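Structure record follows, encoded as structure tokens.
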Amino acid sequence: MGPYNSSVSAGSSSGSSSSCSGKPADPIDGLLAGAGYRVRSSELRQVAQRLARLENVMVNAPTEVSHLANDAVHYNPSDLASWVDSLLSELHQPEIAPDPSTFSDLNYIAHTQAGPVLVNPMVSHRELSAGTEIEEDSGIRLVHVLMTCAESVHRGELSLAASLIEELQGLLTSVDGERGIGKVAGYFIDALSRRVFAPPSPPSLAVSAFENTVLYHHFYEACPYLKFAHFTANQAILEAFDGHDCVHVIDFNLMHGLQWPALIQALALRPGGPPLLRLTGIGPPSPDGHDSLREIGLRLAELARSVNVRFAFRGVAASRLDDVKPWMLQVNPKEVIAVNSIMQLHKLLGSDPSRGSPIDPVLEWIRNLNPKIVMVVEQEANHNQPEFLDRFTEALHYYSTMFDSLEAYSAPLEKSLAEIHIQREICNVVCCEGLARVERHEPLDKWRDRLGGAGFTSLHLGSNAFKQASMLLTLFSAEGYCVEENEGCLTLGWHSRPLIAASAWQAMPVLQHPLPLINHRQNVI
């Protein structure tokens, strides 16, 4: 279905900084120190193994430890690791190397076990739950087999991959599928199953625009990533519009129009009065024929009228962003233009043998619009790698972190629907190839190179955008979200992993004569 338009109008009569919602130090280390134990949380795994060996000697060979009761040397048990090592040395027990199949990261243990069982260094090995240890071992095995299955798919050994998928489904029964690695692995196993047993074509993965907007809305509510994108973009656009009386926003993904009420209200409070605001919203055609873009425009127009902002809306329905042509936007030369792309440009990175990569012509016509600002927000991931195994490994790490951050959200229904939104991204990254694979996320450095090469220069997102993003995190009680400044751009992540990046750009002047003149002479020759 081709693009079409709808309109609504209404009128009135390098430094680096960061802001994290989590604490930089490990809180478990602080608790241990407060209790008088000189041991770090990262050492508890090995200490637990040594305590188990010490207990085994004391239970099975009591005569070997009887002489310790009268030993004149007393060891300080607060220095737990050294104390256990000293006792084992007195008993002539050789030091053992740590088990390489276990994790020393206490955060991983906390995610896979119920309650702080291993946090207490004085808990004996016999008191550890056998069930949780089995689950932890199953989780480790699950990740190993998952990567082996991905390697088989990468080599084209689909029969082996199919048998490994059956093994993976069995392993899933031994872990908690509602959280942690069990949940993440379940989604990736499902995606591998689709690829191996029923390679999807684009229609089989198509979903209605209504479903997409519903899931998008719940993802918006469940975590701060989209709110961060909207807040940061609005602040930068507001500053770009300062002093101009006729402004035009071109939004590459209108969805519910969730981003724009805040900008309308900010413009209403602008010193000297609000400008005339035009908004062009691009979105998919409605399957049932009704004009959903116009309905969103009407709601925004009503809001603008209520705060005395002159407002005009135009909807452009298109199945693909590269179907949009500049003439559809009806740009006025007297307007100051802002282009807003929230997680959309990566969908243009696929290459069609007959048409080439659509990203290049789209960036070209954006530049020709001479926008005052272009806001680009993209996932901070590298899912556009040609090799399947590299892409799979990157996706597993990225979405594991994303799901971990969602665990902090307490509303089960909202979180479940947000996870379905993410699951569809995973399915597209893992299942699809060619034009069917649209989730081709690339990191900020690659976008810098691409946009710089296409004739755009970077704009520095100022301190106000950083403050806005930092304030946003106070709305989320969960610790762990972190905003960082990166050479004029902003990233939002979970603990040490950036997950989304916002950058601002301005079109450099287009040369009018030298290149066409040279081309003309070459054609004459």
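No value in this document is a laboratory result; all are computed from the given coordinates. The shown structure was predicted, so the numbers you read here are calculated from the model rather than taken from an experiment. No Cβ is skipped: glycine too gets one built from the backbone with ideal geometry, and neighbour counts run over all protein chains shown.
On the beta carbon distance between residue 436 and residue 244, with R0 = 51 Å, the FRET formula returns roughly 0.75.
The simple spin-label model puts a point 7 Å past each Cα toward its Cβ; for residue 159 and residue 390 those points are separated by 3.0 nm. Ranked by the mean number of other Cβ atoms within 10 Å per residue, highest first, peptides 349-362, 373-386 order as 373-386, 349-362. Other residues within the sphere of radius under 9 Å centred on the Cβ of residue 507, judged by their own Cβ, net out at +2 (K and R +1, D and E -1). Database remark: amide H of residue 310 closer than 5 angstrom to the amide H of 12, 277 (H placed geometrically; neighbours at sequence offset of 5 or more, or on other chains; Pro and chain starts carry no H). Overall form of segment 333-425: oblate. Here a/c, set by the Cα gyration tensor axes a ≥ b ≥ c, is 1.5 or more, and a/b is not larger than b/c.
Positive-end ranking of 375, 393, 411 along the dipole of segment 355-423, with charges on Cβ about the Cα centre, is headed by 375. Derived scalar couplings between HN and Hα for segment 333-338 equal x, 7, 7, 9, 10, 10 Hz in order, rounded to whole Hz, by the Karplus curve 6.51 cos²θ - 1.76 cosθ + 1.60 (θ = phi - 60°), x for Gly and Pro.
Peptides 149-162, 486-499 ranked from most to least packed give 486-499, 149-162, packing being the mean of other C-beta atoms within 10 angstrom over each peptide's residues.
Partner lysines whose Cα lies under 27 Å from the Cα of residue 347, excluding those fewer than 8 positions away in the same chain, are identified as 183, 227, 325, 372, 415, 446. Stretching residue 479 away from residue 166 to a fully extended chain increases their span by 109.0 nm, per 0.36 nm per residue minus the current alpha-carbon distance.
Residue 470 sits among other residues whose Cβ lies under 12 Å from its own Cβ, and their net charge, with Lys and Arg +1 and Asp and Glu -1, is -1. Between residue 496 and residue 256, the contour length at 0.36 nm per residue exceeds the Cα-Cα span by 83.3 nm. Distance between the pseudo-spin-label points of residue 298 and residue 269 (7 Å out from Cα toward the beta carbon): 3.0 nm.
Quick one: net charge around residue 420, please, counting Lys, Arg +1 and Asp, Glu -1 for every other residue with C-beta under 14 Å from its C-beta. With Lys, Arg at +1 and Asp, Glu at -1, the neighbours total -3.
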